[in-house]
1. Counting other C-beta atoms within 10 Å, and keeping those with at most 11, which DSSP coil trypsin sites (Lys or Arg not before Pro) do you find in segment 240-340?
2. Kindly provide the chymotrypsin sites (Phe, Trp or Tyr not before Pro) of segment 252-353 that DSSP labels as loop, not H, G, I, E or B, and whose Cβ sees at most 14 other Cβ atoms within 10 Å.
3. Evaluate 2.2 N^0.38 Å with N set to the residue count of segment 35-129, then give the Cα radius of gyration divided by it.
4. Subtracting the Cα-Cα distance from 0.36 nm times the residue separation, let me have the gained length for Arg88 to Ala251 in nm, one decimal.
5. Which value in nm describes the separation of the simple spin-label points at Thr69 and Glu45, placed 7 Å from the Cα toward the beta carbon?
6. Take Arg57 and Arg371, extend 7 Å from each Cα along the Cα→Cβ direction, and tell me the distance between the two endpoints in nm.
7. Which log10 I(q)/I(0) values, to two decimals, does segment 246-378 give at q = 0.10 Å⁻¹ under the Debye formula with one point per Cα?
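None of the figures in this text is laboratory data; all of them are computed from the coordinates on show. Just so it is clear, the structure is predicted and the values come from calculations on it, not from any experiment. Note that each Cβ is placed from the backbone with ideal geometry, even for glycine, and that neighbours are counted across all protein chains shown.
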Amino acid sequence: MTEPKDELSPSPANMPARISRCQHATSTHVPRHWAVIETLDEGSEGTVIADGPHPRRFSKLNRVSLAPTIGVVRRIHPVIAQCVADRRFVMETMTLACGASIKIVGVPILGPYGHVRAVCVWIGEADAALPPVPDVGVLEWDAAVVVAASVAARTLLLGDESVETSLLPDMLSNLDRFESRSDFLALLSLDDPIDEWIGSATRTFSDGTPHRLQIAARADGAGPGRRVRAVVCEVVDGTQTRLTPEMYLRAMRHVPILPGHALAMVDLNAKVIHDWIATDGDPMAGWCHHRPLLHPDDQVRILATCEALLVGSVMTASVRGRIRFDPGDEWIELESRWTRIMEGDQPQALVHIAVIPPLPTSIVDDCPRCRRAADSAA
């Protein structure tokens with residue numbers, strides 16, 4: 001009778017050899033594209049607004065395609081937190097279950113006042129070269145819609161003649177198409193504002209190429225203390241879809257307007273001008289990027305006109321007013337004709353504005369943009 005053989009006791013000598021090296025092909029562990037995480041709300045962990053070529057709408061980090069496993073997602077959170085806290089580039093390495101070594105990179109995106117309002121995240125193999133960081137900009141504005149913008153935001157939204165601060169009409173005037181404009185304006189509403197918005201826009205750059213932009217905004221505060229912050233980035237989806245300009249915007253910007261006249265679009269809920277149309281080279285064109293000071297005696301009358309149009313007690317109105325752009329300037333007298341043109345949650349007024357002669361020769365003497373416009377029109 002044959003005796004059974006003794007079973008081998010487990011030991012390092014008779015255990016199967018451990019595979020110490022990942023057997024996967026290079027570049028198969030992670031997508032190796034950038035994701036843009038907005039950190040506009042300092043009390044939150046941030047959400048995804050762009051995932052490589054795909055726009056996202058405040059998506060949670062655990063749904064980002066950048067991370068192949070939930071373990072990687074968990075490592076992204078502290079990278080983002082460190083970028084925000086230290087305002088610096090962060091890189092961490094980790095090993096996947098297959099043995100591959102990867103690196104997680106975070107790049108902070110600073111706003112015009114030095115706060116980290118977004119973080120660009122990239123994940124790749126440990127020895128992979130870091131691709132160029134995408135252009136991501138930050139804008140911040142107050143209840144008076146004076147816009148402060150980072151360098152990248154000025155490049156993406158305001159163009160070649162941008163300045164550090166501008167006005168909302170100047171920013172929007174550069175866009176060919178702007179998705180959900182009425183919802184965006186609800187961020188600025190005085191009575192019942194929304195606190196977050198995300199949408200897309202297109203802008204034709206100076207070289208004639210159209211670009212698709214993703215804009216995410218959050219707001220807080222009320223009345224004069226309300227503040228809005230936004231992150232803007234380009235989304236390159238690789239499709240051949242034509243980025244055609246919006247019909248309304250194209251028509252408005254080609255309306256023939258006499259010298260000393262302008263058209264303005266006013267959101268009646270927010271009591272702000274968001275579109276300003278004047279002939280290029282006319283002094284009134286500069287009002288798009290300079291904040292006017294309204295005569296105190298005229299403020300009540302103009303606000304009352306907005307309120308009457310808002311509630312629908314009148315559909316048209318005529319108002320005289322005085323503005324200037326520096327406390328030492330003479331007052332410029334204006335007459336305006338207001339017409340309510342839209343119903344719904346965000347009613348609008350179209351305002352025809354005319355200067356009562358004499359028309360000022362310039363708006364702000366030390367403004368390079370105004371000087372160049374005047375020289376080109378001469």
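1. Here the sparse-neighbourhood loop sites are Arg242.
2. Of the chymotrypsin sites (Phe, Trp or Tyr not before Pro), the ones in loops of segment 252-353 whose Cβ has at most 14 other Cβ atoms within 10 Å are Trp331.
3. In units of the 2.2 N^0.38 Å rule of thumb, it is 1.04.
4. 54.2 nm
5. 1.8
6. The two pseudo-label positions are separated by 4.7 nm.
7. The Debye formula, applied to the Cα set alone, gives -0.33.
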